[in-house]
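Coordinate-derived values only; no laboratory data. Note that the structure is a prediction, hence the values are computed from the model and not measured. Cβ placement follows ideal geometry from the backbone for every residue including glycine, while neighbour counts extend to all protein chains displayed.
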Amino acid sequence: MYTVIKRLEISAAHSLQLSYPSKCTTLHGHNWIITIYCRSHELNADGMVTDFSHIKEQVAGKLDHRNLNDVLPFNPTAENIARWVCEQVEHCYRVEVQESEGNTAIYEKEED
Ligand SMILES: [Zn+2]
């Protein structure tokens, strides 16, 4: 089994729709740190699980320097972002989304 881990830093804004009063409902920004884990039993024809630069394109290319409410079709919580990233990247099984120091959400695919 091969594993690759890609760490990205993204600057992006969001505002959250919440069922309780919170300053997070106002538009604000974070320097997000997104860590993406991919694994595969077999390497592709290029000898890789997934090209690091393709992961960056698929995630940072869509999210960096954007208002996440404009580019994602759901309430952009760290948890929802982690699931979305996992769905975008081939062979991805785990994503950590650090919104700010000390605040991290993790999404992991269930075992097949
Ligand atoms: Zn926030």
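Assorted remarks:
- Residue match in region 18-37 (condition: within 23 Å of Y2 (Cβ to Cβ) and without any contact (Cβ under 8 Å) to a residue 24 or more places away in the chain): no
Residues checked against (1) over 19 Å from E101 (Cβ atoms); (2) among the hydroxyl-bearing types (S, T, Y); (3) within 16 Å of the ligand (Cβ to nearest atom):
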site: L8; (1), (2), (3): no, no, no
site: A12; (1), (2), (3): no, no, yes
site: H28; (1), (2), (3): no, no, yes
site: I34; (1), (2), (3): no, no, yes
site: L43; (1), (2), (3): yes, no, no
site: S53; (1), (2), (3): yes, yes, no
site: E57; (1), (2), (3): yes, no, no
site: R66; (1), (2), (3): yes, no, yes
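- Every condition in (1) surrounded by 14 or more Cβ atoms within 10 Å (Cβ to Cβ); (2) more than 17 Å from E87 (Cα to Cα); (3) more than 16 Å from the ligand (Cβ to nearest atom) is met by K62 except one, and the failing one is (2).
- Region 86-106 - residue that is more than 18 Å from N67 (Cα to Cα), among the charged types (D, E, K, R) and in contact (Cβ under 8 Å) with a residue 12 or more places away in the chain and, of those, surrounded by the most Cβ atoms within 10 Å (Cβ to Cβ): E96
- Scanning region 70-85 for residues that are touching a residue at least 24 places away in the same chain (Cβ under 8 Å) and either surrounded by 17 or more Cβ atoms within 10 Å (Cβ to Cβ) or away from the ligand (no atom under 13 Å from the Cβ) (or both) turns up P76, T77, A78, I81, A82, R83, V85.
- Residue that is of a type in the set (A, V, I, L, M, F, W, C), assigned to a loop (DSSP other than H, G, I, E, B) and under 29 Å from Y2 (Cβ atoms), where the choices are A60, A45: A45
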